[in-house]
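Worksheet for the structure shown next.
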Amino acid sequence: MTSARSSLEIVPPGPVVSLRGVGKTYGAGKTALRALAAIDLDIAAGEVTILMGPSGSGKTTLLSIIGCILRPTAGEVRLLGQEVAEENEAARSALRLAHIGFIFQGYNLFPTLSARQNVELALDLKGLGGRARRRRADELLEQVGLGDKGDAYPADLSGGQKQRVAIARALAGEPSLILADEPTAALDLQTGRRIMMLFADLAHRLHRGVVVVTHDSRILDLADRVVTLEDGRIIRDIALPRESAPAAPLDASLLRRRRSRETDLKELVAS
Ligand SMILES: Nc1ncnc2c1ncn2[C@@H]1O[C@H](COP(=O)(O)OP(=O)(O)OP(=O)(O)O)[C@@H](O)[C@H]1O
Ligand SMILES: [Mg+2]
């Protein structure tokens, strides 16, 4: 893994991704369906943003637009300051490869490749070959706690382990932006929380932007920000300021922050 410093250098100041007036309508005419409308959203580096909302509220659509997989039908999308909504497919694909790690809900692993080969494939796309590629794949697997599973095939891995191979693969390109659609849906609480803690570490220590779509209110406390969608619009956007490191002295302002964070979380879980 590169040092935190070099990772910081690749993320320029300002939001990693910025959406203005973004809308998405699927289909046309009588069957047209408006999935998103008037979305203004900035995703910052160094933060885990959770995207939640009822089924059909537009979460996957929004994540796919943020990830340059899907083109909006209205508005602007800027990735690291560059307008992408109007770019052609080849340019968007190059931007995705350079800057974005997408973790899909179904893992999307190749069943006939080992965990290591699944990660190596992503490194191959980045132009890394030979022994360096193998070494890097092993490092990435080690980083997600699967150092001993390089030779295992997806069928022999648990849901949480497959999820972590998918995360290692998404991290292969050292993306500025990591996007995950329901990464904890199929996992037990403890494994889900461990994966969220890995995302938080990537955001806080390596200064990546992380966006996680979830229905799971049990992992909300690990987010820095929770954005709620309803019917294709943002209805709530709450920052959850982080507490200081445990070694820091407790002072009254910290206690106040902690209380307000807990209150915010209670309200979010109840909503
Ligand atoms: N490819 C598509 N073609 C037509 N309509 C679509 C398409 N993808 C999504 N939709 C519709 O757009 C709306 C938003 O869908 P989206 O998948 O973004 O919701 P979601 O919040 O991710 O839901 P879930 O929690 O069930 O995954 C829904 O009404 C859905 O039926
Ligand atoms: Mg979805």
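The values are calculated or read from the model by the stated rules, or taken from the named source; none is laboratory data. Since the structure is predicted, the reported quantities are computational estimates derived from the model, not experimental observations. We place every Cβ from the backbone using ideal geometry, glycine too, and count neighbours over all the protein chains shown.
Looking across the range 47-63 at every residue that is touching an Asp or Glu at 6+ places or on another chain (Cβ under 9 Å), near ligand 1 (Cβ under 8 Å from one of its atoms) and not aliphatic (A, V, I, L, M), the one that is farthest from residue 242 (Cα to Cα) is identified as 56. Condition check for residue 30 on (1) surrounded by fewer than 17 Cβ atoms within 10 Å (Cβ to Cβ); (2) in contact (Cβ under 8 Å) with a residue 12 or more places away in the chain; (3) away from ligand 2 (no atom under 14 Å from the Cβ): one failure, at (2). What are the residues in the range 35-51 that are within 12 Å of ligand 2 (Cβ to nearest atom) and more than 13 Å from the chain's Cα centre (by Cα), if any? Across the range 35-51, the qualifying residue is only 35. Each residue in the range 217-239 was checked for being under 10 Å from residue 50 (Cα atoms) and part of a loop (DSSP other than H, G, I, E, B), and 2 pass.
Does the range 174-183 contain at least one residue that is more than 17 Å from residue 68 (Cα to Cα), in contact (Cβ under 8 Å) with a residue 24 or more places away in the chain and outside any loop (DSSP other than H, G, I, E, B)? There is no residue in the range 174-183 that is more than 17 Å from residue 68 (Cα to Cα), in contact (Cβ under 8 Å) with a residue 24 or more places away in the chain and outside any loop (DSSP other than H, G, I, E, B). For residue 201, the conditions (1) acidic (Asp, Glu); (2) in contact (Cβ under 8 Å) with a residue 12 or more places away in the chain; (3) out of contact with any Leu (no Cβ under 9 Å at 6 or more places or on another chain) are fulfilled apart from (2).
When the range 133-160 is filtered for residues that are surrounded by 16 or more Cβ atoms within 10 Å (Cβ to Cβ), in contact (Cβ under 8 Å) with a residue 24 or more places away in the chain and outside any loop (DSSP other than H, G, I, E, B), the ones remaining, listed by number, are 136, 137, 140, 141, 143, 154, 160.
Residue 14 falls short on exactly one of the conditions (1) assigned to a loop (DSSP other than H, G, I, E, B); (2) on the phi > 0 side of the Ramachandran plot; (3) modelled with pLDDT of 90 or more, and that condition is (3).
Residue under question is residue 44, and the condition is that it be of a type in the set (A, V, I, L, M), within 12 Å of ligand 1 (Cβ to nearest atom) and within 24 Å of residue 238 (Cβ to Cβ); does it hold? Judged against the criteria, residue 44 is not a match. Note on the range 221-238: residues that are out of contact with any Asp or Glu (no Cβ under 7 Å at 6 or more places or on another chain) and closer than 24 Å to residue 35 by Cα amount to 11.
Among the numbered conditions (1) without any contact (Cβ under 8 Å) to a residue 40 or more places away in the chain; (2) of a type in the set (Gly, Ala, Ser); (3) within 16 Å of ligand 2 (Cβ to nearest atom), the only one that residue 67 does not meet is (1).
The set of residues in the range 105-132 being within 16 Å of ligand 2 (Cβ to nearest atom) and either loosely packed, with under 12 Cβ neighbours inside 10 Å or without any contact (Cβ under 8 Å) to a residue 60 or more places away in the chain (or both) consists of 106, 107, 108.
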